[in-house]
Amino acid sequence: MLRFDRAEATLGDFRLNADFALEAGARVAVIGPSGSGKSTLLGMVAGFVPLSAGRILWQGQDLAGMAPGARPVSILFQDQNLFPHLSVAENVGLGLRPDLRLSRAEHAAVAGALQEVGLQDMAARRPAQLSGGQQSRVALARVALRARPVLLLDEAFAALGPALKSDMLALLARIADRNGATVLMVTHDPDDARAFADQTVAVIAGRAHPPVPTGPLLDDPPPELAAYLG
């Protein structure tokens, strides 16, 4: 279980509060107006945004004091964080070892991850030689290989077209199900939330509200969210 125990982050004049729990394996969309704190919520979990009060716990363990790299968390951003001087295989291999000194078994695991995302023939290419959708697949393969129990996505597929985004969400769902990952996915697109997430956290006016079923929330959103969604 991922538990926000009266967690609070303060950034200048902005304050975000969260007090709810997510069951292990939950698929949760995070949606709300621009500047409401969606990325801040993910940053609190990942360790990039320090808490000013409260706690965040994973399976009962307080994450306070744990460096971002030591947390049971992977995060995927829109820019994918691929290293341009490394090959596709090397970028994926970073999910196992930052020094890329991979064993034979680890090389085989990288090959398997590329097979899973349909890039088995592109292992030697550089990111600049790939399309945007292919770059997203590389980043997702790296996350899948890390197999951390909490997966955070900050509008990771926002730049993709509708068909490609649908493919990526389906691939994400398969990887999350296989790894039993708890997923928090920030999105500005209600269709993405409906397609992927059973539950949605609405972030409005400095508060991340407890998760509720996605369909009913988006069918009848509160006024602030309705104004944002249009």
Please determine whether any residue of the stretch 191-203 is out of contact with any strand residue (DSSP E or B) (no Cβ under 7 Å at 6 or more places or on another chain), over 30 Å from E8 (Cα atoms) and open to solvent by 10 Å² or more (accessible area, probe 1.4 Å).
no
Please indicate, with yes or no, whether at least one residue in the stretch 206-219 is buried (at least 16 other Cβ atoms within 10 Å of the Cβ), within 26 Å of V143 (Cβ to Cβ) and of a type in the set (K, R).
no
Might you let me know whether the stretch 64-85 holds any residue that is assigned to a loop (DSSP other than H, G, I, E, B), among the aliphatic types (A, V, I, L, M), in contact with a strand residue (DSSP E or B) (Cβ under 7 Å, 6 or more places away or on another chain) and on the phi < 0 side of the Ramachandran plot?
yes
Taking A158 as the residue in question, decide whether it is in contact with a His (Cβ under 8 Å, 6 or more places away or on another chain), open to solvent by less than 40 Å² (accessible area, probe 1.4 Å) and over 19 Å from T182 (Cα atoms).
yes
If you go through the stretch 86-101 one residue at a time, how many are open to solvent by less than 30 Å² (accessible area, probe 1.4 Å) and either hydroxyl-bearing (S, T, Y) or not in a helix (DSSP H, G or I) (or both)?
3
If I ask for residues that are surrounded by 17 or more Cβ atoms within 10 Å (Cβ to Cβ) and assigned to a helix (DSSP H, G or I), which ones from the stretch 110-132 would you list?
V110, A113, L114, E116, P127
Show the residue pairs that are 6+ apart or on different chains and have beta-carbon atoms under 7 Å apart, the first residue being within the stretch 161-181 and open to solvent by 50 Å² or more (accessible area, probe 1.4 Å), the second being not in a helix (DSSP H, G or I).
N179/A147
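The values are calculated or read from the model by the stated rules, or taken from the named source; none is laboratory data. Because the structure is a prediction, the values reported are computed rather than measured. Positions of Cβ are backbone-derived with ideal geometry, glycine not excepted, and every protein chain shown enters the neighbour counts. Please note that ligands, DNA and RNA were not included when accessible areas were found on the heavy atoms of the full protein model with its side chains. Shrake-Rupley method; radii C 1.70, N 1.55, O 1.52, S 1.80 Å.
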